[in-house]
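The values are calculated or read from the model by the stated rules, or taken from the named source; none is laboratory data. Just so it is clear, the structure is predicted and the values come from calculations on it, not from any experiment. Because the Cβ atoms are built from the backbone with ideal geometry, glycine has one as well, and the counts that use them run over all protein chains shown. For the accessible areas, the whole protein counts, side chains as well, though only heavy atoms, and no ligand, DNA or RNA atoms are used. Shrake-Rupley method; radii C 1.70, N 1.55, O 1.52, S 1.80 Å.
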Amino acid sequence: MIFYPNAKINIGLNIVEKRKDGYHNLETIFYPIPLLDALEIKELDNEKPESGYQLKVSGDVPEGTPDDNLVVKAYKLIQDHYELPPLNIFLYKHIPTGAGLGGGSADASFTIRLLNEKFKLGMNDEKMEQYAARLGADCPFFIKNKPVFATGIGNVFTPIDLSLKGYYILLVKPEVFISTRDAYALVHPQPSATPLPELVKKPLQEWKDCIGNDFERSVFAKYPEIAAIKDKLYDIGALYASMSGSGSAVYGIFDKQVEHAEEIFSGYFCRQRGLE
């Protein structure tokens, strides 16, 4: 059985206050996009490793040991509550890591969904979301995988009526790693003047004047290369462009396909997809 975990983008990202526990409350919109990893799980017939699993990762392989991988953490979490056989797990990584696109979170949640379906565990969406929440604040988003207005630390979701079907997204990521902790340290929290769900009702071409990402100011100051990518996306016709999350990926939304996009952004991770 094969599932295809997808990425997400942040449309707007407002850091509204610092909490007493050291985290930050934020407001953002999560929107799923068709940039996909591939996840396959097979039962191990003969070998029974002590860990209960074998993991093979290919493609854009993230750093760390298998135990660090969120797919394995999701498997172990479900294994603690349901009887699962030894598994051979295959993960092909296409969503870049450290990009603000939620690739690891998607892999974790799709693992829960795949295990639930393959082994008929009988979990409903709410139950799967509860398990996913233990793996990361944004992980539960990928259970229902529909646009939401996210608040709290990015873990409180309100469904939102938003469709970008018919538009195209162009994703560009430089070889830059941004520490999320450092990104938060340079942000000055403040309440947002107008709720994002109201702002996204405006025509898409007006978003650039009213919807922003609070991380951009400090990140662009430290990494002007990322700011230049955003400027270039507007130069070639983006209706709206933004860094996703705390970066380092930047996306542009267009009303038509961009010709020669990979040549324009030569040397960068660059992917173009139609939105649904």
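Note on the chain: with charges restricted to the Cβ of Lys and Arg (+1) and Asp and Glu (-1), its dipole about the Cα centre is near 380 debye. Rounded to the nearest 500, the 222 nm mean residue ellipticity of the chain from helices alone is -7000 deg cm²/dmol, with -39,500 (n - 2.57) taken per DSSP H run of at least 4 residues. All distinct Cα pairs of the chain go into the 1/r average, and the inverse of that average, the Kirkwood radius, is 19.5 Å. Mind scanning Lys127/Lys165; Lys93/Lys230; Lys8/Lys127; Lys93/Lys127; Lys208/Lys230; Lys8/Lys144 and naming the pairs with a C-alpha gap bigger than 19 Å? Too far apart for the 19 Å limit: Lys127/Lys165; Lys93/Lys230; Lys8/Lys127; Lys93/Lys127. Looking at the stretch 164-230, the accessible area is 59 square angstrom per residue; that uses a 1.4 Å probe and ignores ligands, DNA and RNA. In the context of the full set of protein chains, residues of the stretch 86-150 present 35 Å² of accessible surface per residue (probe radius 1.4 Å, heavy atoms only). Rounded to a whole number, what % of the accessible area of the chain do carbon and sulfur atoms account for, probe 1.4 Å? Ligands and nucleic acids excluded, carbon and sulfur reach 46 percent. Residues within the reach of a label modelled at Asp60 (point 7 angstrom out along Cα to beta-carbon, backbone nitrogen below 14 Å), restricted to the stretch 9-46, are 9, 33-38.
A cut-off of 5 Å between modelled amide H atoms, ignoring neighbours fewer than 5 places along the same chain, links Leu239 with Ile253, Phe254, Asp255. The charge dipole of the stretch 154-276, taken about its Cα centre with unit charges on the Cβ atoms of Lys, Arg (+1), Asp and Glu (-1) only, comes to about 180 debye. Taking 18 Å as the straight-line reach from the Cα of Lys120, the aspartates and glutamates in range (excluding those fewer than 8 positions away in the same chain) are Glu40, Glu43, Asp80, Glu83, Glu129.
Per residue Cα convex hull volume for the stretch 142-228, in cubic angstrom?
Numbers: hull volume 13.4 nm³, N = 87.
Per-residue hull volume (Cα only) is 154 Å³.
Averaging 1/r over every pair of different alpha carbons in the stretch 120-165 and inverting the result gives a Kirkwood radius of 11.3 Å. Across the stretch 79-187, Cα pairs under 8 Å and at least six residues apart give a relative contact order of 18 percent. Computed on the Cα trace of the stretch 18-153, the radius of gyration divided by the Kirkwood hydrodynamic radius gives Rg/Rh = 0.98.
Pick from Ala183, Ala221, Ala106: which residue has the top mean-square fluctuation in a GNM of the chain where Cα pairs under 10 Å get a spring? Of Ala183, Ala221, Ala106, the Gaussian network model singles out Ala221 as fluctuating most.
The Ala228 and Gln205 beta-carbon pair, evaluated with R₀ = 22 Å, returns a calculated FRET efficiency of approximately 0.50. For the stretch 16-76, the set of trypsin sites (Lys or Arg not before Pro) satisfying both a DSSP loop assignment and a count of at most 12 other C-beta atoms within 10 Å is given as Arg19, Lys20.
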